[in-house]
Structures are given as C-alpha cells and as structure tokens.
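For reference, the structure discussed in these notes is given below.
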Amino acid sequence: MTKVVTLGQFIIERQSEFPYAKGELSRLLRDIGIAAKIVNREVNKAGLVDILGEAGTMNVQGEHVKKLDIYANEQFISALKSGGECSMIASEENEDVIHVNSAVSKNAKYIVAMDPLDGSSNIDVNVPIGTIFSIYRRKTEKGMCTMEDVLQKGTEQVAAGYIIYGSSTMLVYTTGHGVNGFTLDPSIGEFCFSHPNMKFPSSGKIYSLNEGNYVHFPEGVKKYLKYCQVEDDETSRPYTSRYIGSMVADIHRNMIKGGIFIYPTTASSPKGKLRLVYECNPLAFIVEQAGGRATNGFKRILDVNVKEIHQRTPIFIGSTDMVEKAEEFMRQYS
Ligand code: AHG
Ligand code: MN
Ligand code: MN
Ligand code: MN
C-alpha cells in the first residue's frame with residue numbers, strides 16, 4: 001500500500017524548496033483546495049439541488065450565467081477572502097477586480113485571477129467542467145492594490161493550476177518547479193498525490209477545436225486542419241478529433257495523451273474567445289512547465305502584453321511538435 005500524500009502534506013514538504021517563503025503561498029494553495037472541495041460537492045449533486053440551469057443574468061462576457069458559475073465564484077471568493085493571503089481577485093464573473101480590504105488581507109502579497117467555472121455550457125449535460133487559477137505576487141508594496149498588480153505578463157506568475165470535475169476530481173498545479181496532480185478521495189475529503197511530475201507528450205494524434213467555426217478560421221488554421229486529416233502512415237495521420245467544450249478538460253486529456261488545442265480568431269470572436277488573464281496564461285504556464293508549448297499562433301502566450309483583465313487571445317496549446325507545425329501553417333498562410 002503506497003503512502004498517501006495529501007495536497008497539504010505535499011505543499012508543506014515542497015515548501016522547503018522556497019527557504020525564503022513564510023508559508024503564505026502554501027496557505028493560499030490550501031485555501032483554493034478547500035474551495036475546490038466545496039464546489040466539487042455541489043457539482044456532484046447538481047441535478048438534485050437547484051443549481052442547474054441559468055441564473056437569468058448575463059456576465060461581462062455577454063454570456064448567460066449559470067447558477068453554478070455564481071456558486072463557484074462565491075465559494076472561491078469567500079475562501080480567498082477568509083484565507084487572508086490574497087489582497088485582490090480578478091474573476092471571469094466580475095467586471096471589476098475585487099479588493100480584499102480586511103485588516104488581515106489588505107497587505108497580503110498575492111493576487112489571484114480565476115475562471116471559477118470553465119465549460120459552463122457543459123454543466124447541465126454532465127460533461128466535465130473545471131476551475132482555473134493564476135497567482136501573482138503584487139507589485140505595489142502594500143495598501144490598496146492597483147491594476148498594475150493584476151495586469152502582469154504570464155511570465156510573472158508564481159503559481160497556476162486547475163481543478164477538473166470529471167470522472168474523478170483532480171487538482172493540477174505548478175509553482176514553476178514542474179507540474180503535479182492530486183486526485184480527490186471523497187472518502188477522506190482530501191486531494192491525494194496521484195500524478196507526480198506530469199509531462200506533456202512532445203507529439204500526439206489528437207486535435208481539439210470547434211470545427212463549426214471552420215468558415216471563419218484563419219487560412220493557416222484551415223490548412224493545419226486539412227494537414228491533420230490527410231492520410232499519411234509515416235506521421236500516423238489522419239489524427240483524431242476530440243473537442244469537449246471545456247478548455248480544462250480538453251487540455252487535461254491532451255496533457256495525458258498528447259494533442260493540440262486551438263481556439264483561433266473566429267467571426268464572433270475576432271480577437272479569439274478565450275481570456276488571457278484567467279484561462280490562457282495559467283494554462284500556458286502549466287503546459288510549458290510540463291514541457292508543452294502555448295502561443296497565439298505567432299507569439300508565446302506568457303509574453304503577451306496584458307492590457308485589461310477580460311482581454312481575449314487566440315491560443316494554440318499542447319504538444320510542442322504539433323503547436324510548432326500549426327505555427328508553420330500560420331506563418332505561411334495567415
Ligand atoms: P467558460 O465556461 O469559462 O466561459 O469557458 C468556456 C470556454 C472554454 O472552456 C471552451 O473551450 C470554450 O469556451 C468553448 O467555446 P465554444 O463553445 O465556442 O467552442
Ligand atoms: Mn463563461
Ligand atoms: Mn473558461
Ligand atoms: Mn467560466
């Protein structure tokens with residue numbers, strides 16, 4: 001029987017890697033883990049409680065907000081506020097940043113950007129959904145945070161992670177020293193260390209994108225898509241198409257099996273649909289730490305200038321060989 005290592009134990013054991021750390025980041029990660037367990041409990045009984053369906057409101061994205069979007073947002077905000085390690089929060093579900101002004105938090109050194117519930121369109125149909133988080137050290141010394149504290153490049157992240165509520169519930173995160181995965185054991189209510197040092201396969205045979213947008217794809221994406229679909233035994237093509245509609249679930253599957261996820265510019269999303277600050281940057285940090293690649297088709301996602309919290313970007317992310325091949329087509333045709 002292998003020894004069970006919980007997320008909390010792992011964080012404490014790894015804290016020795018950061019001799020200067022006084023435990024704040026460790027406590028912040030644990031606060032996120034607690035909120036994830038609370039959200040997981042509601043996700044698991046969605047359908048039995050009045051948490052399915054639309055909340056009857058639109059968010060800043062112009063999307064119909066689901067009840068679970070709101071519930072998840074409230075749980076993560078409450079855990080971050082009470083944990084005392086976070087001084088400002090940026091969330092997909094809030095137009096403006098949330099200042100955590102309590103006596104204990106207002107000078108806290110960390111900023112959290114999050115997508116509290118990723119894949120909302122899948123909530124009511126029992127398809128995996130997720131949560132994405134990104135952690136920065138504040139730039140201002142203390143007192144009220146400013147936008148400068150949250151509009152930081154992806155390279156400045158100190159940690160990033162996601163939770164996937166699927167056939168099992170997993171928390172996967174990085175602090176810049178590789179990627180590790182934890183699986184929730186509901187019988188003891190703990191995330192247990194299950195996927196040490198996750199590595200993104202350098203190549204793969206799965207491509208994930210919404211082909212319904214084909215007509216409006218950039219020419220380079222159309223050409224790459226046809227490349228994926230052509231018979232070629234030497235390179236095991238045609239590849240397989242897999243698209244769930246939850247970015248976290250598509251990328252998690254590709255990280256285990258190999259593959260590429262693309263959300264390019266489309267007619268309805270001329271700058272791309274996915275959000276840089278709380279979807280693309282954290283997932284790019286994780287994927288790069290696992291040995292994969294993440295660009296906007298031309299430029300590394302983590303190097304993209306951040307101008308506003310709900311900024312969108314095209315994204316090509318996954319197995320390095322596949323992303324580089326797609327970039328070749330983008331350079332040549334788009
Ligand atoms: P969210 O539910 O947080 O708004 O994100 C949904 C995103 C992403 O998870 C997914 O890959 C993408 O939207 C799906 O978009 P389409 O339905 O346009 O393909
Ligand atoms: Mn949304
Ligand atoms: Mn999302
Ligand atoms: Mn969301």
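Is region 259-277 home to any residue that is of a type outside the set (K, R), part of a helix (DSSP H, G or I) and within 16 Å of ligand 4 (Cβ to nearest atom)?
Yes, the conditions are met somewhere in region 259-277.
Do you know which residues across region 60-90 are within 14 Å of ligand 3 (Cβ to nearest atom), polar (S, T, N, Q) and at pLDDT 90 or above?
Scanning region 60-90 gives a single hit, N73.
Against the condition part of a helix (DSSP H, G or I) and either modelled with pLDDT of 95 or more or on the phi > 0 side of the Ramachandran plot (or both), how does E327 come out, does it pass?
Yes.
Looking at the structure I just gave you, is E54 of a type in the set (D, E, K, R), in contact with a helix residue (DSSP H, G or I) (Cβ under 9 Å, 6 or more places away or on another chain) and within 16 Å of ligand 3 (Cβ to nearest atom)?
Against the criterion (of a type in the set (D, E, K, R), in contact with a helix residue (DSSP H, G or I) (Cβ under 9 Å, 6 or more places away or on another chain) and within 16 Å of ligand 3 (Cβ to nearest atom)), E54 does not qualify.
Spot the failing condition for P128; the list is (1) farther than 15 Å from K139 by Cα; (2) more than 13 Å from ligand 4 (Cβ to nearest atom); (3) more than 14 Å from the chain's Cα centre (by Cα), and only one is missed.
All conditions are met except number (3).
State whether one or more residues within region 241-255 are acidic (D, E), in contact (Cβ under 8 Å) with a residue 24 or more places away in the chain, more than 25 Å from E42 (Cβ to Cβ) and assigned to a helix (DSSP H, G or I).
Within region 241-255, not a single residue is acidic (D, E), in contact (Cβ under 8 Å) with a residue 24 or more places away in the chain, more than 25 Å from E42 (Cβ to Cβ) and assigned to a helix (DSSP H, G or I).
In this structure, is D124 within 16 Å of ligand 2 (Cβ to nearest atom) and more than 14 Å from A90 (Cβ to Cβ)?
yes
Tell me, which residue of region 137-153 that is surrounded by fewer than 19 Cβ atoms within 10 Å (Cβ to Cβ) and polar (S, T, N, Q) is farthest from V306 (Cα to Cα)?
In this case the residue turns out to be T140.
Taking the criterion of being assigned to a loop (DSSP other than H, G, I, E, B), farther than 20 Å from T295 by Cα and of a type in the set (K, R), would at least one residue in region 142-154 satisfy it?
yes
I'd like to verify a number: residues in region 186-215 that are surrounded by 15 or more Cβ atoms within 10 Å (Cβ to Cβ) and within 14 Å of ligand 1 (Cβ to nearest atom), how many?
Matching residues across region 186-215 total 4.
In region 127-168, which residues are touching a Cys at 6+ places or on another chain (Cβ under 9 Å) and either in contact (Cβ under 8 Å) with a residue 60 or more places away in the chain or of a type outside the set (K, R) (or both)?
I135, G154, listed by residue number.
Does any residue in region 213-239 that is part of a helix (DSSP H, G or I) come within less than 6 Å, Cβ to Cβ, of a residue that is polar (S, T, N, Q) six or more places away or on a different chain, and which pairs are these?
Note: pairs meeting the criteria are N213/T266; H216/T266; E219/S334; G220/S334.
Modelled with pLDDT under 95 and touching a Leu at 6+ places or on another chain (Cβ under 9 Å): is that true of K109 in this structure?
Judged against the criteria, K109 is a match.
Find the strands (runs of 3 or more DSSP E) located wholly in region 34-136 whose residues include 2 or more that are crowded, with 24+ Cβ neighbours inside 10 Å, and list them.
Ranges flagged: 86-91, 110-118.
For region 209-235, enumerate the residues that are at pLDDT 95 or above and of a type in the set (S, T, N, Q).
Of everything in region 209-235, those that are at pLDDT 95 or above and of a type in the set (S, T, N, Q) turn out to be N210, N213, Q229.
The values are calculated or read from the model by the stated rules, or taken from the named source; none is laboratory data. Owing to the predicted nature of the structure, the values given are computational and were not obtained by experimental measurement. Positions of Cβ are generated from backbone atoms using ideal geometry, with glycine treated the same way; all protein chains shown enter the neighbour counts.
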